[in-house]
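**Q** Structure incoming, see below.
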Amino acid sequence: MKVTTRKWDASEYLDSPEIIHEYLKAAFENGDSEMLLIAIGNVAKAQGMSEIARKTNLSRQNLYKALSQGGAPKFDTVKKVVEAFGCKLAIV
């Protein structure tokens, strides 16, 4: 019997504001900026990159590039995207 697998995609499971909040919180608390950017990219993908592009006034292509692994988005881009999720960045 042949077993078929596929790559796990976190964005498929980010289907509620509570889950998204906890996911982003855990990625931030980890302290790894690359992991946080990947998490933000996964949430953007889950919510629809076109919708996030519309809400942020940024191009979809630039968002994909900035939020991909190895991307280096400006802080302003990260802030706009996080706020498009309905979240806020804060220092506590």
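**Q** Can you confirm whether the range 42-57 contains a residue that is at negative phi, part of a helix (DSSP H, G or I), within 11 Å of the chain's Cα centre (by Cα) and free of Cβ contacts under 8 Å to residues at least 12 places away in the same chain?
**A** Within the range 42-57, the first condition is being at negative phi, and the residues that meet it are 42-47, 49-56.
Now narrow it down to the ones that are part of a helix (DSSP H, G or I): 42-47, 49-56.
Now drop any that are not within 11 Å of the chain's Cα centre (by Cα), which leaves 42-47, 49, 52.
Among the residues that remain, those that are also free of Cβ contacts under 8 Å to residues at least 12 places away in the same chain are: none.
No: the range 42-57 contains no residue that is at negative phi, part of a helix (DSSP H, G or I), within 11 Å of the chain's Cα centre (by Cα) and free of Cβ contacts under 8 Å to residues at least 12 places away in the same chain.
**Q** How many residues are buried (at least 16 other Cβ atoms within 10 Å of the Cβ) and in a loop (DSSP other than H, G, I, E, B) when one looks only at the range 77-89?
**A** Summing the residues that are buried (at least 16 other Cβ atoms within 10 Å of the Cβ) and in a loop (DSSP other than H, G, I, E, B) in the range 77-89 gives 2.
**Q** While we're on this one: Can you pull out every residue in the range 32-60 that is buried (at least 19 other Cβ atoms within 10 Å of the Cβ), out of contact with any Phe, Trp or Tyr (no Cβ under 9 Å at 6 or more places or on another chain) and closer than 18 Å to D9 by Cβ?
**A** Of everything in the range 32-60, just one residue is buried (at least 19 other Cβ atoms within 10 Å of the Cβ), out of contact with any Phe, Trp or Tyr (no Cβ under 9 Å at 6 or more places or on another chain) and closer than 18 Å to D9 by Cβ, namely L37.
**Q** Hey, another quick one. Out of the residues in the range 65-76 meeting the condition of being part of a helix (DSSP H, G or I) and closer than 15 Å to E34 by Cα, tell me which one is farthest from the chain's Cα centre (by Cα). Quick ask: steps written out before the conclusion?
**A** Kept after step one, since they are part of a helix (DSSP H, G or I), are these residues of the range 65-76: 65-67, 75-76.
Okay, now just the ones that are also closer than 15 Å to E34 by Cα, so 65-67, 75.
Numbers: K65: 12, A66: 11, L67: 7, F75: 14 Å.
Filtering the range 65-76 for residues that are part of a helix (DSSP H, G or I) and closer than 15 Å to E34 by Cα, the one farthest from the chain's Cα centre (by Cα) comes out as F75.
**Q** Give the residue that is surrounded by the fewest Cβ atoms within 10 Å (Cβ to Cβ), with candidates limited to residues of the range 61-75 that are small (G, A, S) and either in contact with a Gly (Cβ under 6 Å, 6 or more places away or on another chain) or within 23 Å of A90 (Cα to Cα) (or both). Explain how you work it out, then say what you get.
**A** In the first step, residues of the range 61-75 are kept if they are small (G, A, S); the result is 66, 68, 70-72.
Imposing the further condition that a residue be either in contact with a Gly (Cβ under 6 Å, 6 or more places away or on another chain) or within 23 Å of A90 (Cα to Cα) (or both) reduces the set to 66, 71-72.
Numbers: A66: 20, G71: 16, A72: 9.
The extreme case among them is A72.
**Q** Taking the condition in contact with a Pro (Cβ under 8 Å, 6 or more places away or on another chain), among the small types (G, A, S), free of Cβ contacts under 8 Å to residues at least 40 places away in the same chain and in a helix (DSSP H, G or I), does A27 pass?
**A** Working: in contact with a Pro (Cβ under 8 Å, 6 or more places away or on another chain): no; among the small types (G, A, S): yes; free of Cβ contacts under 8 Å to residues at least 40 places away in the same chain: yes; in a helix (DSSP H, G or I): yes.
It is false that A27 is in contact with a Pro (Cβ under 8 Å, 6 or more places away or on another chain), among the small types (G, A, S), free of Cβ contacts under 8 Å to residues at least 40 places away in the same chain and in a helix (DSSP H, G or I).
**Q** For the list (1) closer than 19 Å to L89 by Cβ; (2) surrounded by 12 or more Cβ atoms within 10 Å (Cβ to Cβ); (3) not polar (S, T, N, Q), I need the number of the one condition that P17 fails.
**A** Condition (2) is where P17 drops out.
A short reminder: the numbers here are calculations on the coordinates, not readings from a lab. Please read all numbers here as calculations on a predicted model, not as lab measurements. Here Cβ is always computed from backbone atoms with ideal geometry, including for glycine, and neighbour counts include all displayed protein chains.
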